[in-house]
Amino acid sequence: NGGTNVAGTVTWPTIASLTNGGSASYTLVVSAPASGTLTNLASVSSPTGDPNPTNNTTAPVITSVTPQSDLGAGKFGSASVVATSNLVYTISVTNFGPSTASSVTVTDSLPAGVTYVSASGNGTNNGGVVSWSLGKLTIGQVSNVTVTLTAPASGILTNAASVSTPTGDPNPTNNTA
């Protein structure tokens, strides 16, 4: 409706006249930040005398912003390994935003027949499932973890890892690698 924004205050053009009992509506659309709370209030004024100016400002409208982070996982390892030798898988986790991801966890279910050797970054092995607690990942941040295994005498290894966060994720399809 012709509103202009100057330093975060939006002002609409003057209404030529508003009759007794009349009303006018205006819509303000904003982009939410990555997290936090939005507080908005509006006020109206007129050069015409107002017997009750206390009702010229709205009560604050408070909107909580629900953070969302789009995590992505990638996994890299050798296409082949000599029987009973070590193999290293690298799992890469990226936060594509728009918010910081909290309490990020990586889980790697080890392939059948391998022997667990070690994991970087305080990764822990519990019955063939290696887990890492990465904490927070800011927007654009990448974190890599590795797991070292001893390959079996023969066979094909299929290994999948996943990443999760309690911060909402609008695109969970890229959380598994």
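The values are calculated or read from the model by the stated rules, or taken from the named source; none is laboratory data. All values reported here derive from a predicted model rather than from experimental measurement. All Cβ positions, glycine included, derive from the backbone under ideal geometry; neighbour counts span all protein chains shown. For the accessible areas, the whole protein counts, side chains as well, though only heavy atoms, and no ligand, DNA or RNA atoms are used. Shrake-Rupley method; radii C 1.70, N 1.55, O 1.52, S 1.80 Å.
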Among S80, S46, S109, whose mean-square fluctuation peaks in a Gaussian network model of the chain (Cα, cutoff 10 Å)? S46
For K75, the residues 5 or more places away or on another chain with a placed amide H closer than 5 Å to its own amide H are S92
Kirkwood estimate for the chain, i.e. one over the average of 1/r between Cα atoms, Å: 20.7 Å
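Carbon and sulfur atoms: what percent of the 1.4 Å accessible area of the chain do they account for? Intermediate results must be reported in sequence, preceding the final value.
Numbers: 5940 of 11090 Å².
Its accessible area is 54 percent carbon and sulfur atoms.
Considering only protein heavy atoms, what per residue accessible area in square angstrom results for the chain with a 1.4 angstrom probe? It would help to have the intermediate numbers written out before the result.
Values: 11090 Å² over 177 residues.
Ligands and nucleic acids excluded, the figure is 63 Å² per residue.
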From the phi angles alone, apply the Karplus equation (6.51, -1.76, 1.60; θ = phi - 60°) to region 160-175 and give each ³J(HN,Hα) in whole Hz, x where the residue is Gly or Pro. 10, 10, 9, 10, 8, 7, x, 5, x, 10, x, 9, x, 5, 9, 8
For the chain, set up a GNM with springs between Cα atoms under 10 Å and report which of T57, T48, T107 has the largest fluctuation. T48
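Output the relative contact order of the chain, whole-number percent, from Cα pairs under 8 angstrom with separation of 6+ residues. Please list the in-between numbers first.
Details: 347 pairs, mean separation 41.1, N = 177.
Answer for the chain is 23 percent.
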What is the Cα centroid distance between region 163-177 and region 69-104, reported in whole angstrom? 13 Å
Which FRET efficiency, nearest 0.05, do A112 and S35 yield, Cβ-Cβ r, R0 45 Å? 0.60
